[in-house]
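Read through the structure below, which is laid out as structure tokens, and then see the notes.
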Amino acid sequence: MLIRTPADLGAVIRDKRKRLKLDQVTLAKRIGVSRQWVINVEHGHPRAELALVLRALDVLGIPVDANSEGPNSRRSTSAVDINAIVTKAKKGKT
């Protein structure tokens, strides 16, 4: 899921918490926050502290992928074969 808003992130956190069969109190204890903080984040509170949000994601096992190439990137997603490029460059110099 592409997360674009605090509400999107809150929905992901709530969904994962429920799939893990955790209640808000248990999750709050594992993160080290209050139940009200969990409620606010799950409702998309836009000013939640980033460090705590990252801790919540870690506790829930939700990976964070900071791919610098967004969904509208024009770059190819295929891997680059650096060895082939070097070999081709060497052949061109001889």
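The values are calculated or read from the model by the stated rules, or taken from the named source; none is laboratory data. It should be emphasised that the depicted structure is a prediction, and the values quoted were computed from it without experimental measurement. All Cβ positions, even for glycine, are placed from backbone atoms using ideal geometry, and neighbour counts span all protein chains on display. These area figures cover heavy atoms from the full protein model, side chains too; ligands, DNA and RNA do not enter into them. Shrake-Rupley method; radii C 1.70, N 1.55, O 1.52, S 1.80 Å.
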Can you list the lysines whose alpha carbon sits under 17 Å from that of Lys29, skipping same-chain ones fewer than 8 residues off?
-> Lys16, Lys18, Lys21
Which trypsin sites (Lys or Arg not before Pro) from the range 1-66 combine a DSSP loop assignment with at most 14 other Cβ atoms within 10 Å?
-> Arg4, Lys21, Arg47
Other-chain or far-sequence residues with amide H under 5 Å of Leu22's (modelled H) = none
For the range 1-43, with all protein chains present and a 1.4 Å probe, just round the carbon and sulfur fraction of the accessible area to a whole percent.
-> 52
